[in-house]
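The values are calculated or read from the model by the stated rules, or taken from the named source; none is laboratory data. Being a predicted model, the structure only gives us computed values, none of them experimental. Neighbour counts are summed over all protein chains in view; Cβ atoms, including those assigned to glycine, are modelled from backbone coordinates with ideal geometry. Each accessible area value is taken on the protein alone, full model and side chains, heavy atoms only, with ligands, DNA and RNA left out. Shrake-Rupley method; radii C 1.70, N 1.55, O 1.52, S 1.80 Å.
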Amino acid sequence: MLRKLVLLVLLALLVVPTLVGVAQEPQGLPVEVPGGRANLFVFDQIFRWGSVGNFNVWRTGGNTPHHHALMLETFWNGDQETGENINALAISGPVYNEDFTEMSVNLREGVMWTDGEEFNADDVVYTVETVKANPGLTQQGWHAQLTKFDVGVEKTGEFSVKFTTLPNPRLHTVFESRWAGLYMMPSHYVSEVEANLADGETLADWHWEAEDVIVLGNYLPQQVDPNGYWELFKRRDDPENSLAGIITGGSGPPYVLSIFYGNENIKKAIAMSRGELDVYFDVDIESFETTLDTTPTARSWYKDFPWAFPNEYSTRHLAFNFEGDPLLQNKDVRWALALAINNVELAGDYIGGLAKVTTFAVPPTAAMTGIYHEAMEPWLNELQIDLGDGEMFSVYDPTVPDQLNAWAEAQGHTVPGTPAEIFGTGWWKFAPEASEKLLIKAGLSRDGGGNWLTPDGEIWTLDLQSDPSENDAYRMGQAAADMWQDFGIDVNFITLDRGAWSQNHHVGAFEVSTPWGSFALPAGDFWPRINGMHSDFYAPAGEDYRPLGGNSLRRLVDPKIDELLDAMEAVDPVGQADQNIALNIEFIQHWVENMIDITCIAFKKLVTWDEKYWTGFPTAENPYAMPLYWFQGGKYAIQGLTSTS
């Protein structure tokens, strides 16, 4: 009650118009369009753009959220609600030869670029050859994958292509979007750009201005805020010829505005109550409650608790830089930090009971639970660690979902399912006594005030960085910082905006951070999601790992991980599914036993729509598309909207 009272006081204060400060955060809508608000769909931009007005998305650092939903296309779009692939620029699935050295794809006819040219096989050939040939086009690691497998492509018809590759049963995943698949280029345009580059320049240096953009999607950029807070897009003149228009039959709103309201969640709730925001991608539980109180036409995925969309294939973790604080290289220290976290309190009091718990980076959806979580449960129940002097400790607590169920009922919520269905899996015991023994085993000690000292006798200070634009990651970080401080560790909790936080990841300038990710694709395969952790892609702290095409976030070189990744790469995930899953489980066990990350929760998204101006949003009752509008496959939710007027 106190929490809601505080937020309503904030709301009363913040709805009063204020002057725009030097940061130029939006006050009201920054643009007017023909037909007014009835022709304008406004969505939450998530974070402020660091690179403004450059629509070259293939380069290092190209802005992808929303852009790829509105403008960019690939062969297949993953739907994270159904787990199925939607045939996008391809009209059917890939066809491999027996040894996976060839892959044939039939393309969709009738999809038009916005300049009137028809998409065809020439665009595919040019895109693949261009990305492969340009080391500076590092987006999503596609250059590295095309190079690693020496991928070639030839046109076999106006709307068909054949790829050649070193044996690779997963080549199709380069063109398959969970988040993004290789974005097709308009070959007739980009080839001219490439031919006219200055000496020494490559397409990685190309700045694609808004007025020159040509896309297969439904929207074209119109205006861009030079401070990175908003962008305005206009629907193409022929929406029926866009890919999403062909697939859905919808035309989408005439104009679309993305807008960043800052990292204070309450501002999104206020904007929605004013009719200045049609959808936000996520907020904290308090701001969502404010939306329910102030905007009667708004709702999230479910009408009631737990409200949020639960099926985004990702998880939240506390990730360690193995070249940061040297103490973090010791797995006993990492385990001590995990056992000093009360995850029932974290998932309940800090997150609102809306995110499912998991011990490893696979979300406990119904499908993934059947493949991985149930298989891991006996092993987790038997897992023990050595606290020192031969004392073994069982770390797993399978009752965590029951504890969260009791917490939710105590809050007055009706829980619409079993504890496991709503709250996920068990987690590590909250065992600060065991944590103490592990730190002592690692050479640390306490001073007279209970503060932890390093083996050198200095106060142990741990830096924990987080980005508030992802509120669950931020809340998780706050919870960990609070609990570790209560345990006697001096934690420096550092709040950074998305640009600075991401750059620190890229160059290894952190000790502990709050990233997200999943080992698994929606179909359950691991290798496409984790192969970038191979030591082939290692970059030492101080160097940006992105040019190598992998994911050296943790600066970790682990021979066992390399061994497992090499074994996975050689396995057909469909024809040898049992062997593939067995390798994936062995990977999970190695990761967990060594506490490489502390994974706390899966994703929840309080993606919330206001139906004052637009209707037709996907919901649990009408799940025709996933509501994740910022993903490449999120375009279908936008295309299906109709005006309430």
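Numbers for the structure displayed
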read-out	value
Percent RCO, i.e. relative contact order, over the stretch 68-142, from Cα pairs under 8 Å lying at least 6 residues apart	16
Per-residue SASA entry for M71, accessible area with 1.4 Å probe, Å² rounded to 10	10
Gain in span if fully extended, D304 to D566, counting 0.36 nm per residue against the direct Cα distance	89.8 nm
Dipole axis of the chain (+1 Lys, Arg; -1 Asp, Glu on Cβ), positive-most option in I596, I351, Q485	I351
Cα gyration tensor shape of the chain, rounded if a/c is under 1.5, else prolate or oblate by comparing a/b with b/c	oblate
Cα-centred dipole magnitude for the chain, charges only on beta-carbon of K, R (+1) and D, E (-1), debye, nearest 20	1320
Net charge contributed by nearby residues that have their C-beta within less than 11 Å of Y613 (K/R +1, D/E -1)	-2
Under 11 Å, Cβ to Cβ, from H505 - net charge with Lys/Arg +1 and Asp/Glu -1	+2
Over 25 Å between alpha carbons, listed pairs K303/K605; K268/K429; K162/K560	K268/K429; K162/K560
For the stretch 444-449, Karplus couplings with θ = phi - 60° (6.51, -1.76, 1.60), whole Hz, Gly/Pro x	8, 8, 9, 8, x, x
Burial order of peptide ranges 151-158, 393-400 (average beta-carbon count within 10 Å, highest first)	393-400, 151-158
Distance between modelled label sites at A195 and S502, nm, 7 Å Cα→Cβ extension	3.3
Relative contact order (%) - criterion: Cα under 8 Å, at least six apart; region: the stretch 315-397	17
Unit charges on C-beta of K, R, D, E only; dipole of the stretch 315-602, Debye	420
Rounded to the nearest 10 Å², the accessible area of F309 at probe 1.4 Å	0
Built amide H within the under 5 Å cut-off of E73, gap 5+	M184, L216
In Å², nearest 10: area of R546 left accessible to a 1.4 Å probe	60
Value at 222 nm in deg cm²/dmol, rounded to 500, when DSSP H runs of n ≥ 4 in the chain each add -39,500 (n - 2.57)	-8000 deg cm²/dmol
Neighbourhood charge, 11 Å Cβ-Cβ cut-off, centred on T248 and excluding it, Lys, Arg +1 and Asp, Glu -1	0
Per residue accessible area in Å² of the stretch 315-602, where ligands, DNA and RNA are left out and the probe is 1.4 Å	36
Distance between the stretch 44-78 and the stretch 580-645 - C-alpha centres, whole angstrom	17
Carbon plus sulfur fraction of accessible area for the chain, probe 1.4 Å, in percent	49
Candidate residues W427, W516: accessible-area rank, largest first, probe 1.4 Å	W516, W427
Relative contact order for the stretch 315-602, counting Cα pairs under 8 Å that sit 6 or more residues apart, in percent	29
Gyration tensor (alpha-carbon) shape descriptor, the stretch 491-621, a/c threshold 1.5	oblate
Accessible surface ranking that places the most exposed of F493, F75, F47 first, with a 1.4 angstrom probe	F493, F47, F75
Dipole of the stretch 231-278 [Lys/Arg +1, Asp/Glu -1 at C-beta], most positive-end residue of N265, G245, Y255	N265
